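These notes concern the structure reproduced below.
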Amino acid sequence: MQFEAVIGLEVHAQLTTASKIFCSCSTAFGAAPNTHVCEVCMAAPGTLPVLNKKVVDYAIKLALATNATIHPVAVFARKNYFYPDLPKGYQISQYDLPIATGGYIQIEVGSQTKRIRLVRIHMEEDAGKLIHDEHRPVSFVDFNRTGVPLLEIVSEPDIRSPEEAVAYLKKLRAILRYLEICDGNMEEGSLRCDANISIRPLGSKELGTKVELKNMNSFKHVQRALEYEIRRQTALYLDGKEIIQETRLFDVEKGVTVSMRGKEEAHDYRYFPDPDLVPLKVDDQWVEDIRQTLPELPDVKKERFMKEYGLPAYDAEIIISSRHLAEFFEACVKIFPKPKIVSNWIMTEVLRELNREGKEIHETKLTPELFTELLKLLEDNVISSTAAKKVFSEVYKTGKRPAQIVEEQGLRQESDEETLRAICQKLVKEHPKEVEKYRSGKKGVIGFFVGQVMRETKGKANPKVVNKLLTELLESE
Amino acid sequence: MSCFWDSLLSLRERLAKKELSSQELVKHFFERIKEVEPKVRAYITLTEEGALAQAKEADKALAAGENKPLLGIPLAIKDNICIRGVRTTCASRMLENFVPTYNATVIERLRDAGAIFLGKTNLDEFAMGSSTENSAFFPTHNPWDLERVPGGSSGGSAAAVAAGLCAGALGSDTGGSIRQPASFCGVVGLKPTYGRVSRYGLVAFASSLDQIGPLTRTVADTALLLQVIAGPDNRDSTCVDQEVPDYLAALDMDLKGCKVGVPKEYFGQGLSQEVAQAIEASLEVMRDLGLEVKEVSLPHSPYAIAAYYIIAPAEASSNLARYDGVKYGFRAEGKDLLDMYKKTRSQGFGPEVKRRIMIGTYALSAGYYDAYYKKASQVRTLITKDFAEAFKEVDFVLGPVAPSPAFKIGERTADPLEMYLSDIYTISVNLAGIVGLSLPCAFSEKGLPIGLQIMGPHFSEERVLALGHQFERALGLFKQHPGL
C-alpha cells in the first residue's frame with residue numbers, strides 16, 4: 001500500500017525592525033537579560049500597547065511578495081494563556097481578521113513548479129525566554145524578546161513530502177531575506193517552523209488525523225522530523241492502530257518525535273478583539289507606497305536569469321536562493337561574461353566555503369573583481385584548474401589578488417610548447433620500454449609519461465598541452 | 001479662613017490674589033484630613049510630604065507670576081491611576097505594595113498644570129463595585145450619613161470631595177463608577193466620551209469602557225479639570241485625535257430652545273419614588289431654563305446590564321491575567337508554577353474580582369463565545385444606535401443616575417445582582433461611549449443627595465457641561481455641605 005503525506009507549515013518569522021511591536025524597546029539580539037524592557041513590554045499595570053507601523057509595512061511587503069490579499073481593516077486579538085514568559089497573560093496576535101489571507105509560494109518539485117497556497121499572514125508579538133537554573137529548582141525569565149514582532153505564515157496542507165517542506169521553507173526564507181524583513185536564521189530562532197502532518201493512502205481524498213510537530217530548528221530537523229513522523233504514522237496505519245491527534249516534539253538526539261500533549265490538554269485561548277488597539281486600517285495608498293519599495297523577487301529573478309544568462313533552472317534556483325549571491329553573480333557576469341562558468345564555480349567552490357562558514361557572500365572578502373580575475377586566469381590557461389582551486393581558497397581567506405597569489409606561490413602553468421616538447425622528447429628517450437608498450441596498443445601508458453612530465457615541471461605543466469605533445473611524439477615514427 | 005468648600009476656580013483666584021499660599025492650603029487640608037478622615041476613610045494613601053514639597057514649588061511659581069490652570073491646587077487621585085513613586089494599590093492585596101515607575105498621562109497633565117496630589121483614594125477592588133465596600137482594605141463612609149456607602153467604585157474620590165478633604169478629584173468610570181458615587185455624595189462627576197481622556201496609566205478594568213473623569217464640587221470645576229486632562233495621547237491608541245475645546249468659556253452658551261429627551265424606559269420598576277420626583281422637578285427647572293422637554297425611547301436599555309456584565313468581565317478576565325506573581329505585586333509561594341499561580345490569585349484577589357474573572361473567562365470560552373461575548377457586543381451596537389437615534393431628535397438625554405439615594409453599608413453585599421442594579425442608569429453611557437454628567441438635583445427626606453444625569457452624544461462635553469452649569473446655578477445646591 002502506498003501512502004502520501006499531507007503537510008501544512010506554520011512559520012514564525014521574527015522581524016528585523018529596530019524596535020518592538022508595541023513599545024519603543026530595542027529588538028537587538030544577545031543583550032544582557034531584561035535590559036531591553038520597559039513598563040509596556042513588562043505589562044506593568046495601566047500601560048497600553050501602541051502599534052509600531054513599521055511592522056505593518058513589513059507585513060504588507062510579505063503579503064505583496066506572496067500574492068496574498070491585504071485586508072483594508074485588520075484587527076488585533078488577544079490570545080489568553082498563562083505562562084511566565086508572557087507578561088500580560090495574553091499574547092497580542094490576530095485571529096479572525098488578519099492583515100492578509102490567501103497567496104502562494106512557488107517551489108521546484110523535480111522539474112515542475114508547484115504552488116503552495118497560503119491560508120494567512122498575521123502579525124503578533126513574541127514571548128520572552130525562560131532560563132532554568134541547572135543546579136537549583138528555580139527558573140528565570142528574560143523579557144528582552146517579549147514584544148519582538150513576528151509574522152506568522154500559515155500554509156494550506158499542500159505539501160506532500162519532507163523535501164517539499166524544506167523547499168517551501170527555503171523559498172519563504174529567500175523571500176523574507178530579499179525583502180530584508182527577517183534574517184531567516186533557524187538556529188537562532190528568527191525563523192521557526194511547526195508542522196501539521198497526516199498520512200493517507202495514495203489516491204484517497206480524505207484527510208487523516210493530523211499531528212502537530214514542534215521543536216524543529218533547522219531545515220535538517222524539519223526533514224528528519226517529517227520523515228520519522230511519516231514512518232511512524234504509516235506503521236500505525238498498517239498495524240490498524242489509531243493515530244492520535246496530538247502535539248509532538250522532535251527529539252534531535254534520538255531523531256524521533258515524542259508526545260507533548262493530547263487534544264484534550266489543548267489550550268482554549270479565549271481569543272477576543274484587543275480593546276486597547278483600534279482596528280488597523282490599511283488603505284490602497286499605503287499598499288502602493290510599499291509596493292514601490294519591493295525588490296525583484298526570487299521567482300522573477302530566476303526567470304530572468306534563465307532567459308538572460310541561459311542558466312538551467314537548477315542553477316538559477318540555487319543562485320537566486322540568496323539576494324546577495326544573485327547580486328554577486330550578476331556583478332561577476334558583467335565583468336566576465338560567461339554565466340555558466342561563473343555559476344558552476346559559485347555552486348561548487350563558493351557555496352562550499354559559504355556553507356562551511358555559515359556566511360553570506362557579502363560578509364566575505366571575496367569580491368566580483370577578485371573572483372572574475374581568478375576565472376580569467378583559468379580561462380587564459382595561466383593556471384590549471386587544480387591550481388585555480390588552490391588560488392580560490394587563498395583569495396577567499398585573505399582577499400589577496402589572484403595574480404599575486406599565483407606569482408607568490410609559483411602556480412603559473414607552463415604552456416609553452418617548445419619548453420614542454422624538449423622535456424617530453426627527453427622522457428620518451430629515457431623510457432624505451434614504455435614507448436614499446438604504447439606502440440603495441442597499450443595507450444594508457446601515456447598517463448605514465450604525463451606523470452613524469454608533471455614531476456619534472458613540479459606540476460606546472462599544462463596537462464592539455466603535454467597530452468597533445470606526447471601523443472604526437474608517441475604516434476610518430 | 002475656611003477653604004474646604006471652595007471651588008477650584010475660587011481657590012485659583014485666592015491663590016493668585018495671595019490671599020493664601022499653596023502651602024497654607026495644603027496644610028489646611030491635611031489638618032482637616034486628620035480631623036475628618038478617620039470617620040470617612042476616603043484615602044488609602046496620603047502623600048503629605050510630597051504634597052508639601054509640591055506646594056512649596058507652587059508658591060515659588062505663584063510668586064514668579066506663573067499662570068498655570070491648577071497651580072498650587074490640591075487634588076485627590078483614585079488609587080487605580082498611577083503616580084510615579086506613589087503606591088498604587090487598586091484597593092487590592094495583589095498590588096498592596098506596588099509602586100509604579102511611571103505617571104499616568106492624566107497625572108503628567110495635572111502636574112504640568114501645577115496641581116498637587118494629597119493622596120490616593122479608596123475604591124472597590126480594581127474598580128469592580130458600586131459601594132467601595134469591595135476595597136480589600138476598608139470601606140469608605142458617605143459624608144452625608146456615615147452609616148451609608150459613598151457609592152463606587154470611585155467612592156473614595158467622591159467622599160473626599162464631598163467631605164472637604166480635597167479641592168477636587170479624579171475617578172474612573174467603567175459602568176457608572178464616577179457618576180453613581182458623585183450622586184450618592186452630592187458632588188459633580190463626569191464620564192467623558194470614550195477616547196476623550198487618555199487611559200495610559202489607569203489600571204485597566206474593562207478597556208473598552210474605562211474612562212477617567214473629574215469629581216468636583218461644581219460643574220465649572222469639572223470643566224476646568226477636563227480641560228487639563230483631555231486630549232490626544234500617543235501612548236493610548238484609543239484616545240481620539242481631536243482638539244480640546246474651551247470648556248470653561250462654553251459654560252454660559254445659550255441653550256434656549258435646545259431639546260431634552262427623557263427616556264420612557266428609565267422610569268419603570270425599581271426607581272425609587274424620591275428619585276423619580278427629583279428628576280421630575282429637574283425637568284421643570286430645565287423648562288424654566290428655556291429648554292424643551294420631550295419623551296424619547298431607548299428600546300434596548302433593558303438589555304444594558306446583561307450585555308455589560310458579559311463585556312466588562314470578559315475584558316477584565318484578560319486584563320487581570322498579568323497579576324500572576326511573576327513580575328510584581330503579591331506572590332504566594334507554591335510547590336510548582338501552577339500551584340504558585342493558583343495560590344497567588346486565590347489569595348491576592350477578593351471575591352468580587354474573582355467572580356468577574358470567572359464570569360469573563362466563561363463568556364470567552366470556546367463554544368460560548370458566540371452566545372455570550374459576541375451577542376453582548378451586538379447588543380452594545382444596538383444600544384449605541386438607540387442613543388444615535390435619540391440624539392437625532394434631542395440635544396440631551398436626561399435621567400436618574402442611580403435608582404435610589406445612598407444605601408447602608410452592608411445592605412447589599414450579600415446579593416451581587418442587586419448591587420449590579422445600582423448601575424442600571426449609568427451603564428448604557430459606557431456601552432455607547434457617550435458623555436454622562438452626574439450632578440446634584442435634590443436631597444431626599446433623610447437629607448441624602450440625589451443626582452441627575454445629563455447625557456450627550458460623543459464629544460458633546462461642551463454642551464453637557466454648559467447645561468449642567470446653568471442647571472446648577474439655577475438650583476444652588478452646591479452651597480450645601482455635610483455637617484462633618
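The values are calculated or read from the model by the stated rules, or taken from the named source; none is laboratory data. Keep in mind that this is a model prediction, so the values were computed, not measured. Every residue, glycine among them, receives a Cβ derived from its backbone with ideal geometry; neighbour counts consider all protein chains shown. These accessible areas exclude ligands, DNA and RNA; they are computed on the full protein's heavy atoms, side chains included. Shrake-Rupley method; radii C 1.70, N 1.55, O 1.52, S 1.80 Å.
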Task: Matching residues, region B:256-269, being open to solvent by 60 Å² or more (accessible area, probe 1.4 Å) and not in a helix (DSSP H, G or I) - done: B:K256, B:K259, B:Q269
- [ ] Take region A:216-246 and flag every residue that is in a strand (DSSP E or B) and under 21 Å from A:A167 (Cβ atoms).
- [x] A:M216
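Being charged (D, E, K, R) and more than 21 Å from A:L176 (Cβ to Cβ) is the filter here, so list the residues in region A:281-329 that pass it.
Selection gives A:K281, A:D283, A:D284, A:E288, A:K307, A:E308, A:D315.
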- [ ] Run B:R345 past the list (1) open to solvent by 40 Å² or more (accessible area, probe 1.4 Å); (2) within 13 Å of another protein chain (Cβ to nearest Cβ); (3) closer than 25 Å to B:T89 by Cβ and report the number of the one that doesn't hold.
- [x] (1)
- [ ] Select, from A:I230, A:I244, the only residue that is of a type in the set (V, I, T) and open to solvent by 80 Å² or more (accessible area, probe 1.4 Å).
- [x] A:I244
TODO: Scan (1) within 14 Å of another protein chain (Cβ to nearest Cβ); (2) within 30 Å of B:V197 (Cα to Cα); (3) open to solvent by 10 Å² or more (accessible area, probe 1.4 Å) for the single condition A:S26 breaks and write down its number.
DONE: (1)
TODO: Give B:G360, B:G350 a once-over and let me know the one that is of a type in the set (G, A, S), touching a helix residue (DSSP H, G or I) at 6+ places or on another chain (Cβ under 6 Å) and more than 13 Å from chain A (Cβ to nearest Cβ).
DONE: B:G350
TODO: Find all pairs meeting these conditions: Cβ atoms under 8 angstrom apart; at least six residues apart or on different chains; first residue within region B:341-359 and more than 13 Å from B:S135 (Cα to Cα); second residue open to solvent by less than 70 Å² (accessible area, probe 1.4 Å) and among the hydroxyl-bearing types (S, T, Y).
DONE: B:T344/B:Y323; B:R345/B:Y323; B:K354/B:S346; B:R356/B:S317; B:I357/B:S317; B:M358/B:S317; B:I359/B:Y309; B:I359/B:S317
Open item on the list: Can you list residue pairs whose Cβ atoms sit under 6 Å apart, with the first residue in region B:404-419 being among the basic types (K, R) and the second being not in a loop (DSSP other than H, G, I, E, B)? Count only pairs 6 or more apart in sequence or on different chains.
Closed with: B:K408/B:R148; B:R412/B:E418; B:R412/B:M419
Task: Scope region A:420-446; condition over 14 Å from A:N467 (Cα atoms) and of a type in the set (S, T, N, Q); matching residues - done: A:S440
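Results for (1) at pLDDT 95 or above; (2) surrounded by 15 or more Cβ atoms within 10 Å (Cβ to Cβ); (3) more than 14 Å from every other protein chain (Cβ to nearest Cβ), shown as yes or no for each residue.
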{"residue": "A:G240", "(1), (2), (3)": "no, no, yes"}
{"residue": "A:F250", "(1), (2), (3)": "yes, yes, yes"}
{"residue": "A:S259", "(1), (2), (3)": "no, no, yes"}
{"residue": "A:G262", "(1), (2), (3)": "no, no, yes"}
{"residue": "A:A266", "(1), (2), (3)": "no, no, no"}
{"residue": "A:Y269", "(1), (2), (3)": "yes, yes, no"}
{"residue": "A:F272", "(1), (2), (3)": "yes, yes, no"}
{"residue": "A:P275", "(1), (2), (3)": "yes, yes, no"}
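Only one of B:Y362, B:Y368, B:Y373 is outside any helix (DSSP H, G or I) and aromatic (F, W, Y). Can you tell me which? I'd like the intermediate steps shown before the answer.
Details: B:Y362 fails: outside any helix (DSSP H, G or I); B:Y373 fails: outside any helix (DSSP H, G or I).
Just a single option satisfies the conditions, and that option is B:Y368.
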Open item on the list: Between B:I279, B:I311, which is assigned to a helix (DSSP H, G or I), closer than 30 Å to A:D268 by Cβ, among the β-branched types (V, I, T) and touching a helix residue (DSSP H, G or I) at 6+ places or on another chain (Cβ under 9 Å)?
Closed with: B:I311
Open item on the list: Tell me yes or no: at least one residue of region A:179-195 is open to solvent by less than 20 Å² (accessible area, probe 1.4 Å), under 30 Å from A:K88 (Cα atoms), in contact with a strand residue (DSSP E or B) (Cβ under 7 Å, 6 or more places away or on another chain) and part of a helix (DSSP H, G or I).
Closed with: no
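Sort out which residues of region A:102-140 are of a type in the set (D, E, K, R) and assigned to a strand (DSSP E or B), and write them in order of number.
Result: A:E108, A:K114, A:R115, A:R117, A:R120, A:E124, A:E125, A:K129.
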- [ ] Residue by residue through region B:20-40, note down the ones that are exposed (fewer than 13 other Cβ atoms within 10 Å of the Cβ) and over 24 Å from the mean Cα position of the chain (by Cα).
- [x] B:E31, B:K34, B:E35
Task: Among (1) over 30 Å from A:G184 (Cβ atoms); (2) β-branched (V, I, T); (3) in contact with a Phe, Trp or Tyr (Cβ under 7 Å, 6 or more places away or on another chain) - the single one A:V256 does not satisfy - done: (1)
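Residue-wise test of (1) out of contact with any strand residue (DSSP E or B) (no Cβ under 9 Å at 6 or more places or on another chain); (2) within 14 Å of another protein chain (Cβ to nearest Cβ); (3) at negative phi.
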| position | (1), (2), (3) |
| --- | --- |
| B:A64 | yes, no, yes |
| B:N67 | yes, no, yes |
| B:L70 | no, no, yes |
| B:P74 | no, no, yes |
| B:I77 | no, yes, yes |
| B:I81 | no, yes, yes |
| B:N103 | no, yes, yes |
| B:E108 | yes, yes, yes |
Task: Residues of region A:47-96 satisfying the condition of being open to solvent by less than 40 Å² (accessible area, probe 1.4 Å), among the polar types (S, T, N, Q) and away from chain B (no Cβ under 14 Å) - done: A:T66, A:Q94
Task: Residues located in region A:371-385, provided they are in contact (Cβ under 8 Å) with a residue 12 or more places away in the chain, closer than 17 Å to A:E408 by Cα and open to solvent by 20 Å² or more (accessible area, probe 1.4 Å) - done: A:E373, A:L377, A:V382, A:S384
Task: Exclusive hit being open to solvent by less than 10 Å² (accessible area, probe 1.4 Å), within 30 Å of A:Y314 (Cβ to Cβ) and of a type in the set (V, I, T), set A:I99, A:I116 - done: A:I116
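State all residues of region B:56-93 that are crowded, with 24+ Cβ neighbours inside 10 Å and part of a helix (DSSP H, G or I); if no residue qualifies, say none.
B:A58
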Task: Single unsatisfied condition, B:T193 versus (1) more than 25 Å from B:L70 (Cα to Cα); (2) in contact with a strand residue (DSSP E or B) (Cβ under 8 Å, 6 or more places away or on another chain) - done: (1)
Task: Conditions (1) touching a Phe, Trp or Tyr at 6+ places or on another chain (Cβ under 6 Å); (2) modelled with pLDDT under 95; number of the one not met by B:D370 - done: (1)
Task: Given (1) within 14 Å of another protein chain (Cβ to nearest Cβ); (2) of a type outside the set (G, A, S); (3) open to solvent by less than 10 Å² (accessible area, probe 1.4 Å); (4) outside any loop (DSSP other than H, G, I, E, B), number of the condition B:L123 does not satisfy - done: (4)
